Amino acid sequence: MRIISIINQKGGCGKTTVAINLAAAFRELGLKTLLIDLDPQAHATLGLGIAPEGSETTMYDLLKDPRVGVSDALRMVEENLYLIPSSPVLSAIEQELSGKANRERRLLSKLARIPADFSYVIIDSPPSIGLLTFNALMASGEVIIPVDPSCFSIHGLEKLRETLELLERETRHTIAVHVLLNNIERRTAFSRSIIDEVERNHGGVLLKTYICHSVRYKEASYRGAPIFRLKHVEQFQEDFLTLAREIEQNPPTSLAIESIDDWMVRLHGPRRVPEGILFVLNAPNAQNVYLTGEFTNWSREGIRMEKDETTGFWKAVLHLEPGEYEYRFILDGVWIKDPNNSDSVLNEFGQENSLLIV
């Protein structure tokens, strides 16, 4: 599964249009795709014909409530195309999560337990750099930056790439960058000059496909449908199909995961593997680590975890029936919550237990 964020700090560059129609293009290619609307304006939700106020569970609930999982928020748009809708109340999430541990990894934690049959997750990010965008970036292995033909967009591209480089240095989270020329009018000299400038300065990450200008995209959004539901727009449909094929045929090398340890570093918290649910704790200097929780009736003996001497990771795999489980690690006799799981609940003693939803 590849997770791709569509990001740009500049409004009006066609970010949401790209998110909706790229997700729909993957669907047209037979690839099961989830579109996440992470923008409080909820334009991707509206653009697929869904009223934000009519959605019982939205991105706000998913990020705020540890007991809400991805499957609770999914809305089926059509076969192989799903949406997690947004709503204006999402704009309050930054204040509500202020001071919470791992708040920038909430989306990452949720997507770690997404159904395995999705091929792509496309995230429509808000047009700003804040908590919601950082959640999108920490959850993604790739980003697409749409650039429209304007000097402001070119300047914003430079600043955004600097931000991504800073994020990678600070978090050691590598993100493959793709630049997409969008809303291009082939016949104008100005558009050609913009294309030349982007090729000179960003050629190494520039996608070969570019999206042509057309008022039909606005018409599709007004109708609450992707471009593939309109008639007599084959050229514009083909633009997005070509883009989807280019992305599908060129996976970034940074996503070549060689072991489950690499997955755990990226995804955080317990994760389903073929043998069951894998718990991991990075504690290379510990002498003993045990796993305990509701599945052991909070036994002090718990379940002994095995140490990988090469990586310093302690691991245990359990077979758990679907449900909710509170748990903790016992690290050399000290009870701790899972530092890599952002989902937690208060116990009767006012302390945090990590929460796993299977």
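Only one of these conditions is not met by LEU83: (1) touching a Lys or Arg at 6+ places or on another chain (Cβ under 7 Å); (2) within 30 Å of ILE194 (Cα to Cα). Which number is it?
Here LEU83 clears every test but (2).
Just to be sure I understand, how many residues within segment 159-177 are over 17 Å from the mean Cα position of the chain (by Cα) and either closer than 19 Å to LYS10 by Cα or of a type in the set (A, V, I, L, M, F, W, C) (or both)?
Residues that pass the stated criteria total 7.
Just one of the numbered conditions (1) more than 26 Å from PHE134 (Cβ to Cβ); (2) surrounded by 12 or more Cβ atoms within 10 Å (Cβ to Cβ) is not true of ARG187; which one?
(2)
Inspect segment 271-294 for any residue being of a type in the set (Lys, Arg), in contact with a helix residue (DSSP H, G or I) (Cβ under 7 Å, 6 or more places away or on another chain), within 24 Å of ASN135 (Cα to Cα) and open to solvent by 30 Å² or more (accessible area, probe 1.4 Å) and give the result as yes or no. Can you show your working first?
Going residue by residue through segment 271-294, those that are of a type in the set (Lys, Arg) are 271-272.
Going one step further and asking which of them are in contact with a helix residue (DSSP H, G or I) (Cβ under 7 Å, 6 or more places away or on another chain), we end up with 271.
Filter once more, keeping what is within 24 Å of ASN135 (Cα to Cα): 271.
Remaining after also requiring open to solvent by 30 Å² or more (accessible area, probe 1.4 Å): 271.
For segment 271-294, residues of a type in the set (Lys, Arg), in contact with a helix residue (DSSP H, G or I) (Cβ under 7 Å, 6 or more places away or on another chain), within 24 Å of ASN135 (Cα to Cα) and open to solvent by 30 Å² or more (accessible area, probe 1.4 Å): present.
Quick one: in segment 1-54, which of the residues that are surrounded by 23 or more Cβ atoms within 10 Å (Cβ to Cβ) and polar (S, T, N, Q) is farthest from PHE228 (Cα to Cα)?
Per the stated criteria, the residue is ASN8.
Identify the residue in segment 303-350 that is touching a Ser or Thr at 6+ places or on another chain (Cβ under 7 Å) and at pLDDT below 90 and, among all such residues, is surrounded by the fewest Cβ atoms within 10 Å (Cβ to Cβ).
The qualifying residue surrounded by the fewest Cβ atoms within 10 Å (Cβ to Cβ) is SER344.
For every residue, the table says whether it meets (1) closer than 16 Å to PRO270 by Cα; (2) assigned to a strand (DSSP E or B); (3) not small (Gly, Ala, Ser).
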position	(1), (2), (3)
PHE295	yes, no, yes
THR310	no, no, yes
VAL317	yes, yes, yes
GLU326	yes, yes, yes
ASN341	yes, no, yes
PHE349	no, no, yes
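Out of all the residues in segment 215-249, which are out of contact with any Leu (no Cβ under 9 Å at 6 or more places or on another chain) and under 27 Å from THR174 (Cβ atoms)?
THR242, GLN249
Helices (runs of 4 or more DSSP H) wholly in segment 192-292 with at least 3 residues that are among the acidic types (Asp, Glu) and at pLDDT 90 or above - which ones?
Details: elements: 216-222, 234-249, 260-267.
Answer list for segment 192-292: 234-249.
The values are calculated or read from the model by the stated rules, or taken from the named source; none is laboratory data. Remember, predicted model here, so these are calculated numbers, not experimental data. All Cβ positions, glycine included, derive from the backbone under ideal geometry; neighbour counts span all protein chains shown. We work out accessible area using only protein heavy atoms, side chains counted, and drop any ligands, DNA or RNA first. Shrake-Rupley method; radii C 1.70, N 1.55, O 1.52, S 1.80 Å.
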